Amino acid sequence: MPTPLDKQIDRIVAESGGSVHEALRALMQVNEHLEAELARLHAAVIFSYAVGDSGQLH
């Protein structure tokens, strides 16, 4: 019996024309995008702690 994860993998491969290579390429591109977004959010948090409520550096 396939698990929900197996079903997701099958769907991703099917949406990539049945090519595991293309499915992995798409997933890696999504991962790169998410990592970049995480880095931007991390920088925003660090900046907000650095400037504090007054807008001045501590």
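The table that follows gives values for the structure above.
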| quantity | calculated |
| --- | --- |
| Portion, in percent, of the accessible area of the chain that falls on carbon or sulfur, probe 1.4 Å | 64 percent |
| Read-out Cα extents along the principal axes in Å, derived from the coordinates shown; its label in [x] 42, 24, 18; [y] 79, 22, 18; [z] 56, 24, 11 | [z] |
| Using θ = phi - 60° and Karplus 6.51 cos²θ - 1.76 cosθ + 1.60, couplings along the range 33-41 (whole Hz; Gly, Pro as x) | 4, 5, 5, 5, 5, 4, 5, 5, 5 |
| Local electrostatic count at E15 - Lys and Arg +1, Asp and Glu -1, tallied over other residues with Cβ under 13 Å | +1 |
| Angle between the chain longest axis and helix 4-15 axis [Cα atoms, degrees, rounded to 10] | 80 degrees |
| Accessible area per residue in Å² at 1.4 Å probe, computed on the chain | 89 Å² |
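The values are calculated or read from the model by the stated rules, or taken from the named source; none is laboratory data. Keep in mind it's a predicted model, so treat the numbers as computed, not measured. Note that each Cβ is placed from the backbone with ideal geometry, even for glycine, and that neighbours are counted across all protein chains shown. Side chains included, ligands, DNA and RNA excluded: accessible areas come from the protein's heavy atoms. Shrake-Rupley method; radii C 1.70, N 1.55, O 1.52, S 1.80 Å.
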